[in-house]
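The values are calculated or read from the model by the stated rules, or taken from the named source; none is laboratory data. Given the structure is predicted, the values throughout are model-derived calculations rather than measurements. Here Cβ is always computed from backbone atoms with ideal geometry, including for glycine, and neighbour counts include all displayed protein chains.
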Amino acid sequence: MEKSNIKNTVDAQRSFYTSGSTRDTAFRHDALLKLKRMIRENETAIMEALKADLNKSPFESYASEIGQVLKEIDLHLRRLKCWSKTERKASPLVIFPSRSYILKEPYGNVLIIAPWNYPFNLMMTPLIGAISAGNCVLLKPAHYSVHTSALLNKMISETFKGEYITVIQGGREENQALLQECFDYIFFIGSPTLGKIVAHAAAEKLTPCTLELGGKSPCIVDKDADLSKAARRIVWGKFLNAGQTCIAPDHLLVHREIKDALLKHLCAEIERQFGADPYESPDFGRMINGDAFTRVSAYLQDGKIICGGRIREADRYIAPTLLDEVSPDAPVMRDEIFGPILPVLTFEHIDDAVRFVSSREKPLALYYFTKDVRGATKRIRQMDSGGVCINDVVIHYGNPRLPFGGVGNSGTGRYHGKYSFDTFSRERACVISPTLFDIPVKFAPYGNKLRMLKKIF
């Protein structure tokens, strides 16, 4: 899109927001219903687009994308009026007889930049919060997920007026042009590298923003863990979407005494879930493009392949792979893997694992498998992360009543459910004073009023 067209779109949305239409809760409720109807009517097309982009199965597409979004919409439809209500707050004697309130106000014009790995879910979920809070929204899907981005553009343009919600397609040039415009809020999901660019652009205009980033989410397996259940849950969460999940277990930290046993369970579980040849499995995805394939497949050189390791460049296929004998300084341990390779490191004592996690950038998620749940709750407080699961992986994302977000290098801000509404709203202080009378003590001349003032405070 031409830079001038982007500016015209932003200006049109700003004008529409100024009209006040989006502040009406009935308008927002109706918009959420339209969004839900749009998704229901296009379920098959959405699944086909996700299949074309990432080889997602219909089950995975519904479970991790469509179903999550519909659940989010339903929660907002039920709770919108309650969340939007003005809150009465107690007033101190010093401002008597005035009354104090908090008004729930939208920011105004919002830019949402979504990634390619869950191109439907991670565009729609923040959009729901932005609509619910009463904003106008400009959506920028990732250009790598070509089919899903094109479908989103078609669905949104057929459902909403452009001055209310618009999709801008394109690549780096369009991103740069958008970040030169002035928005009231920016919501970005992507890598820490790109997050720094967005944060810098937002800072230049003093624009508040939420950054949902990633990181190397560790998965600790202690010696008392149930290895069969741990293996089943780790394999599911790690190789979902071919490992292209921001909260997938990035690497394992396994107690030395149970490492060999766990590796056997993991290899068996990979075959159980994806068959003897995962390439033939209808449930295993593909890398998004050739560059991602090249980057991730290079990590196969960083350790001993225990199972997997097979690749097919023409199909962007990398088999579910376990890597043993991995150095903490190897390339596979430097950046987020974002692919179906799982490095395995060992520790002698849980304190060693805690120190290892704490010595690195704060991850988006942390996973800990152990039968000692009480001890685990104490241990996880020694390690920072965005979210955490004990004896499971990934599933915290599926609860819209929990906040989802990172900390430090893995992001700032939170969303899902009411947290999305709060993210895209601002709490505005409002004090209403009657005109019947005044309290003389607050007005000059002050004379000998100080003693009385101290009593009021």
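Tabulated data
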quantity: Of the criteria (1) without any contact (Cβ under 8 Å) to a residue 12 or more places away in the chain; (2) of a type outside the set (Lys, Arg); (3) within 16 Å of GLN13 (Cα to Cα), which one GLU173 fails; calculated: (3)
quantity: Enumeration of residues in region 84-114 that are surrounded by fewer than 19 Cβ atoms within 10 Å (Cβ to Cβ) and aromatic (Phe, Trp, Tyr); calculated: PHE96, TYR101
quantity: In region 223-236, residue farthest from ILE113 (Cα to Cα) [restricted to those that are touching a residue at least 40 places away in the same chain (Cβ under 8 Å) and crowded, with 23+ Cβ neighbours inside 10 Å]; calculated: ALA230
quantity: Sole residue being assigned by TED's automatic domain parsing to the domain that holds LEU80, charged (D, E, K, R) and under 20 Å from the mean Cα position of the chain (by Cα), chosen from LYS205, LYS140, LYS154; calculated: LYS140
quantity: The listed residue being surrounded by fewer than 21 Cβ atoms within 10 Å (Cβ to Cβ) and over 24 Å from GLU257 (Cβ atoms), out of ALA292, ALA365; calculated: ALA292
quantity: Residue ranges of strands (runs of 3 or more DSSP E) in region 337-442 with at least 3 members without any contact (Cβ under 8 Å) to a residue 40 or more places away in the chain; calculated: 387-390
quantity: The listed residue being among the small types (Gly, Ala, Ser) and under 30 Å from ALA429 (Cβ atoms), out of SER64, SER98; calculated: SER98
quantity: Criterion (free of Cβ contacts under 8 Å to residues at least 40 places away in the same chain, part of a loop (DSSP other than H, G, I, E, B) and on the phi < 0 side of the Ramachandran plot) met by exactly one of ALA248, ALA276, ALA261, ALA268; calculated: ALA276
